[in-house]
Amino acid sequence: MDRFNTERLSIFSWRPILEEHSDRQELEAALSAILTPRALEHLPPALQLSQNNGGISSWVDQRAEESDVLLVKSRHDNELVGLLILASDPSEMLTPEIHVGYLLGEASWGQGVATELIQGLVYAAGKDGPAKLFGGVSNDNPASARVLQKAGFEFSPELSSPDSQMYFKTVG
């Protein structure tokens, strides 16, 4: 899934942007406003931004290597509001398993953007055929758990750990 829209959001793959040097530079500049310590606070260590390891450019390279990343932009003003990160499990051929992560800039918090994004993803993923979506949430981030629950994800005690809760949803 490379592209879908919701009422307020346009979500599309960042790959073409990464291929053009000037477009990538613009993206990295926009990400500097999104990848704040508060926005990254509840994400796993692998998704943290490190100035020691090349900063935003290195962070972008790492995400591009391991996942499908989609930009989340406002349809109103075309401003970047966040990222949707999708990591597929290649060993699951019959029903793809997709691990879902998202990151929104602080300016978008509390406006229902995350809920709209994840509900849009569920709808778009369901049109592509059967898939199982997974979302992990740090125990200290109940707002993200509510976002997944509003989109129909179910809690999985078997997949959860003492530090995080795992949710899943079958689509298609």
**Fill in**
For the stretch 1-82, listing trypsin sites (Lys or Arg not before Pro) in a DSSP loop whose Cβ sees at most 15 other Cβ atoms within 10 Å gives Arg75
**Asked** For Leu9, which sequence-distant residues (separation of 5 or more, or a different chain) have an amide H within less than 5 Å of its own amide H, given hydrogens modelled in the peptide plane?
**Response** Arg75
**Request:** Would you give the gap between the C-alpha center of the stretch 91-145 and the C-alpha center of the stretch 1-78, rounded to a whole Å?
**Result:** 16 Å
**Item:** Per residue value of the accessible surface for the chain (all protein chains in place, 1.4 Å probe), Å²
**Value:** 55 Å²
**Prompt:** Once amide H atoms are placed 1.01 Å from N in the peptide plane, what residues at a sequence separation of 5 or more from Leu133, or on another chain, have their amide H within under 5 Å of its amide H?
**Reply:** Ile98, Lys169, Thr170, Val171
**Request:** Rounded to the nearest 500, what is the 222 nm mean residue ellipticity of the chain from helices alone, with -39500 (n - 2.57) per DSSP H run of 4+ residues and division by all residues?
**Result:** -10000 deg cm²/dmol
**Item:** Per-pair calculated FRET efficiency, R0 = 30 Å: His21 and Glu154 via Cβ, rounded to 0.05
**Value:** 0.10
**Complete:** Computed from the beta carbon distance with a Förster radius of 25 Å, FRET efficiency for Ala143 and Asn78 to the nearest 0.05 stands at 0.45
**Message:** Spelling out what I want: for every residue of the stretch 23-39, take phi, set θ = phi - 60°, compute 6.51 cos²θ - 1.76 cosθ + 1.60 (Karplus), and round to whole Hz; glycine and proline get x.
**Reply:** 5, 5, 4, 4, 4, 4, 5, 5, 5, 4, 7, 8, 7, 8, x, 5, 5
**Request:** Would you mind telling me the share, in percent, of accessible area of the stretch 9-75 contributed by carbon and sulfur at probe 1.4 angstrom?
**Result:** 47 percent
**Asked** Between Glu66 and Ser13, what is the spin-label point distance in nm, taking each point 7 Å from the Cα along the Cα→C-beta axis?
**Response** 2.0 nm
**Asked** Roughly what would the spin-label model give for Asp128 and Ser50, points 7 Å off Cα along C-beta, in nm?
**Response** 3.0 nm
**Complete:** The answer for GluC sites (Glu not before Pro) in the stretch 66-172 that fall in a DSSP coil and have at most 16 neighbouring Cβ atoms within 10 Å is Glu79, Glu92, Glu158
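The values are calculated or read from the model by the stated rules, or taken from the named source; none is laboratory data. Everything quoted here is computed from the prediction, not taken from an experiment. Because the Cβ atoms are built from the backbone with ideal geometry, glycine has one as well, and the counts that use them run over all protein chains shown. With ligands, DNA and RNA removed, areas are computed over all heavy atoms of the protein, side chains included. Shrake-Rupley method; radii C 1.70, N 1.55, O 1.52, S 1.80 Å.
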